[in-house]
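Undergrad: Before I ask anything, here is the structure I am working with.
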Amino acid sequence: MTIRLARHVLADPLSAPGIGPRMTTELAATWLVWDACVAGKRRVDLHPLMVSGAAWNEACDVAERAAALVSRMATRAATDPEERARYRFHDDVETLAAASREAGKTNDLVRVDLLASASGRLVACEVNADCPGGYNEVVALPRLARASGWTAGRDPSTVVGELVDRLVALSGGPGSPRGLVALVFATGYAEDLQICALLERLIRERGGRARRVSPTQLTGGEGDTVQVRGERVAVLYRFYPVEYMAGQANIPAIARAVRAGTLRTLSSFATAHAQSKLAMARAFVHEPQEARELFAETWAMRDVERARLLEEHAAWVVKRDLSRVGDHVLVGASMGKDEFAAALDEVKDAEELDGDVWIAQRFVPQAEVPTPWGPRWLTFGVYVMDGRACGAFARLAEGLTCSHDALVVPVFVEEAA
């Protein structure tokens, strides 16, 4: 199994004389990657991550099985009130999740984040089951790499095309006769807007009708439907976490429409429990053999003794259940024991006083990836739609936590000789 960062034929394609300015303009103007730089440093590059065929097959297998396992944990939570209570979700979240389950057919798109362990295994550490991102870079970077002279390998990512085709189909096909595709996002964040703006353009290119909206713009219509500005909505695509919708006045109307089948959603609200990192911990309780084969060892914080975490602090990572983009992640190996102890006290208060849920996950010693910028840590995200792998998103981080400032590069699968 081989995963390596290859050297592009150009030392720095995005600043190369003649093509660099054009590439940079295309990145922002065509592919809407507006946050290509973070804190003065470039967040994207065109040196490609080359993945052997064997490594790609392993990544797909691990990702598909991991997505299926947390989905089974979500089903268990849906059918067992005691199990469901462990997640501590707001009633509105449970209402929406129940509505999707009652409607039957769901549409699931997840991204499973994998770590390349020092032992040679690919280990899943996160399952982004609710609203994964990265689509702009997944489409743009392989194309720009090709345009700047890279010829090796094949682009394995069909995720964006499949997502757009699915959204248009759910709206009734070209012309969207069933109603609009509503692209829901947090209007205060440009990085959220860029994803929905790209999807809106691609939906329209395929003949569908789409509109970007805030989550509170949706209102109830006639006959258990949902509308926006007086026009019926047939499909709800969210780049907006379901837990953030709690407390909205339109929750009953959305739930009624989902339950009645007049509103289809992608991803389904039923993925809420699978999104929680607690689902990985519950997998170690209910299906331990499968969990050990796929995930880093994961437990609910309340099920691990504090003394053990402190004694082995460099071997643990502590995360909030619904943390995203590296937020609320405490890596013991990068903290002193006293600092880690203080952080555990804060986590305990958050669980007891605020009703938060946290998990403890075994630190995965990783194989460093040599790059032109020095050694980096790889997080390899595999997209899985309805159980089948359909693309990859690669990020290289300087430190042990992979956040929004990690470097994103194109992914190619090496062809067999």
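Undergrad: Of the residues ALA249, ALA255, only one is more than 16 Å from the chain's Cα centre (by Cα), open to solvent by 20 Å² or more (accessible area, probe 1.4 Å) and touching a residue at least 12 places away in the same chain (Cβ under 8 Å); which? Full working, then the answer.
TA: On the way: ALA255 fails: open to solvent by 20 Å² or more (accessible area, probe 1.4 Å).
The unique qualifying residue is ALA249.
Undergrad: Pairs, please: C-beta under 8 Å, at least 6 apart or cross-chain, first residue part of a strand (DSSP E or B) and in segment 34-55, second among the acidic types (Asp, Glu)?
TA: Between residues of segment 34-55 that are part of a strand (DSSP E or B) and residues that are among the acidic types (Asp, Glu), the close pairs are VAL38/ASP405; LYS41/ASP405; VAL44/GLU137; MET50/GLU414; VAL51/GLU414.
Undergrad: In segment 80-88, is there at least one residue being aromatic (Phe, Trp, Tyr) and either more than 20 Å from the chain's Cα centre (by Cα) or open to solvent by less than 30 Å² (accessible area, probe 1.4 Å) (or both)? Before the answer, list the steps.
TA: Initially, segment 80-88 is screened for residues aromatic (Phe, Trp, Tyr), giving 87.
Retained after the next criterion (residues that are either more than 20 Å from the chain's Cα centre (by Cα) or open to solvent by less than 30 Å² (accessible area, probe 1.4 Å) (or both)): 87.
Checked segment 80-88: at least one residue is aromatic (Phe, Trp, Tyr) and either more than 20 Å from the chain's Cα centre (by Cα) or open to solvent by less than 30 Å² (accessible area, probe 1.4 Å) (or both).
Undergrad: Is one or more of the residues making up segment 1-23 open to solvent by 30 Å² or more (accessible area, probe 1.4 Å), touching a residue at least 12 places away in the same chain (Cβ under 8 Å) and of a type in the set (Ser, Thr, Tyr)?
TA: Checking segment 1-23: at least one residue is open to solvent by 30 Å² or more (accessible area, probe 1.4 Å), touching a residue at least 12 places away in the same chain (Cβ under 8 Å) and of a type in the set (Ser, Thr, Tyr).
Undergrad: Restricting attention to segment 277-305, which residues are open to solvent by 20 Å² or more (accessible area, probe 1.4 Å), outside any loop (DSSP other than H, G, I, E, B) and in contact (Cβ under 8 Å) with a residue 40 or more places away in the chain?
TA: HIS286, GLU290, GLU293, TRP299, MET301, ARG302
Undergrad: Of everything in segment 9-33 that's part of a helix (DSSP H, G or I) and of a type in the set (A, V, I, L, M), which residue is farthest from ALA397 (Cα to Cα)?
TA: Initially, segment 9-33 is screened for residues part of a helix (DSSP H, G or I), giving 13-15, 20-29.
Checking the rest, the ones that are also of a type in the set (A, V, I, L, M) come to 14, 23, 27-29.
Numbers: LEU14: 19, MET23: 23, LEU27: 21, ALA28: 22, ALA29: 26 Å.
Step by step, filter segment 9-33, then rank; the result is ALA29.
Undergrad: Might you let me know whether segment 321-330 holds any residue that is part of a loop (DSSP other than H, G, I, E, B), within 27 Å of VAL159 (Cα to Cα), in contact (Cβ under 8 Å) with a residue 12 or more places away in the chain and of a type in the set (Lys, Arg)? Walk me through it before giving the result.
TA: Start the filter on segment 321-330 by keeping residues that are part of a loop (DSSP other than H, G, I, E, B), which leaves 321-328.
Subset that is within 27 Å of VAL159 (Cα to Cα): 321-327.
Keeping just the survivors that are in contact (Cβ under 8 Å) with a residue 12 or more places away in the chain gives 321-327.
Still in the running and of a type in the set (Lys, Arg): 324.
Yes, some residue in segment 321-330 is part of a loop (DSSP other than H, G, I, E, B), within 27 Å of VAL159 (Cα to Cα), in contact (Cβ under 8 Å) with a residue 12 or more places away in the chain and of a type in the set (Lys, Arg).
Undergrad: Would you confirm whether any residue within segment 334-348 is open to solvent by less than 10 Å² (accessible area, probe 1.4 Å), more than 15 Å from the chain's Cα centre (by Cα) and more than 30 Å from HIS90 (Cα to Cα)?
TA: no
Undergrad: A further question on this structure: Of the residues in segment 349-363, how many are outside any loop (DSSP other than H, G, I, E, B) and surrounded by fewer than 20 Cβ atoms within 10 Å (Cβ to Cβ)?
TA: If we filter segment 349-363 for residues that are outside any loop (DSSP other than H, G, I, E, B), which is where we start, we get 349-354, 358-362.
Within this subset, residues satisfying the condition of being surrounded by fewer than 20 Cβ atoms within 10 Å (Cβ to Cβ) are 349-354, 362.
The qualifying residues number 7.
The values are calculated or read from the model by the stated rules, or taken from the named source; none is laboratory data. In this text, all values refer to a predicted model and were calculated from it rather than measured experimentally. Please note: Cβ atoms are built from the backbone with ideal geometry, for glycine as well, and neighbour counts cover all protein chains shown. Side chains included, ligands, DNA and RNA excluded: accessible areas come from the protein's heavy atoms. Shrake-Rupley method; radii C 1.70, N 1.55, O 1.52, S 1.80 Å.
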